[in-house]
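What follows is one structure encoded as structure tokens, with my remarks underneath.
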Amino acid sequence: MNAPRNDDVLLADAPPRTLIRVSGQPSAAVETMVGFRTDDHPRLDRVQNVVSGICAALAGASLVAITVLTVAEVVMRSFFGRPLGWNVGFVEQYLMMAMAFFGIVTAYRTGAHIAVSSLYGRFSGRVRKLMILLGELVIVFALVWLLVAGIDAAAFSFRTGEQPVPGSADLPWPTWWWKSIMPLAALLGIVVVGIDVYRELTSPWQAPSTDYAPSDVTREADAVAAEGGSRR
């Protein structure tokens, strides 16, 4: 029997919900609710998962609050003839901002974003690693831009004391509060993606180290199972 190559996948001892990293990647990645756990950088995984979990909680709470306020507005308007009024600005400025920007961080960490891998999987491990690293650097650049622009906007609102016009339907809160949501989420995103950049730069160049590709692993596992438990 030939010795297994470095891109072999062995599933016999894999625990449930384990995503086997393929093409020579260093170890197995266990999927969690907010990310992944690996054996090669467990502390970095813990930092990423904590940040992702915080962002998931904030985004999820915002979504629940939007639902509750929408129902409350319908009830107050339809049955009592007294619409809330303030809920529109609160949803647009606070809740939707929090849901979108904090949700992006968790979506990145859990691999929930849409990806087309039909061509990506045809390249060699080195090329895939370069593509992953390039993509992560682009994301970091975009997040840094959001961080700088968001801080500038929030700082301007803070210096000028900007807030809704008295008597308007909006809540009389300083506008720098909601303008701080975007740079805060961007900063957390930089932490998560920056760790992935570090891991790619410090790991072997034979294959990517931060691409867990759950859907690809599922297909790989099916193929392995069909061949008797291992791929030679």
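No value in this document is a laboratory result; all are computed from the given coordinates. The structure presented is a predicted model; accordingly, all values stated were derived computationally and were not measured. Glycine gets a Cβ as well: all are built from the backbone with ideal geometry, and neighbour counts include every protein chain shown.
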When you take every Cα atom in the stretch 144-213, what is the radius of gyration, and what is Dmax, the widest Cα pair distance, in Å? 18.7, 63
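So how many Å³ per residue does the convex hull of the Cα atoms of the stretch 109-155 work out to? Write out the running numbers ahead of the final one.
Numbers: hull volume 4.3 nm³, N = 47.
Given the Cα convex hull of the stretch 109-155, per-residue volume reads 90 Å³.
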For every other residue with a beta carbon closer than 15 angstrom to the beta carbon of residue 140, add +1 if it is Lys or Arg and -1 if Asp or Glu, then tell me the sum. -1
If each residue's Cβ is checked for other Cβ atoms within 10 Å, how do 196, 39 rank with the fewest at the top? 39, 196
With bins of 5 Å, the percent of all Cα-Cα pairs of the stretch 37-193 per bin from 0 is 2, 8, 13, 15, 16, 14, 11, 8, 6, 4, 2, 1, 0
To make sure I understand, if each residue's beta carbon is the centre and we count other beta carbons within 10 Å, what order do 136, 200, 73, 92 fall in, fewest to most? 92, 73, 200, 136
Relative to the compact-globule estimate 2.2 N^0.38 Å (N residues), the Cα gyration radius of the stretch 34-97 stands at a ratio of 1.70
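Find how much the distance from residue 112 to residue 144 grows on full extension, using 0.36 nm per residue of separation minus their present alpha carbon separation; answer in nm with one decimal. Spell out each step's value before the answer.
On the way: separation 32, 0.36 × 32 = 11.52 nm, distance 2.15 nm.
Going from the current span to full extension adds 9.4 nm.
Return 76, 99 ranked ascending by Cβ neighbour count within 10 Å, so the fewest neighbours appear first. List each step's numbers first, then the result.
Details: 76 15, 99 21.
By the 10 Å Cβ count, ascending: 76, 99.
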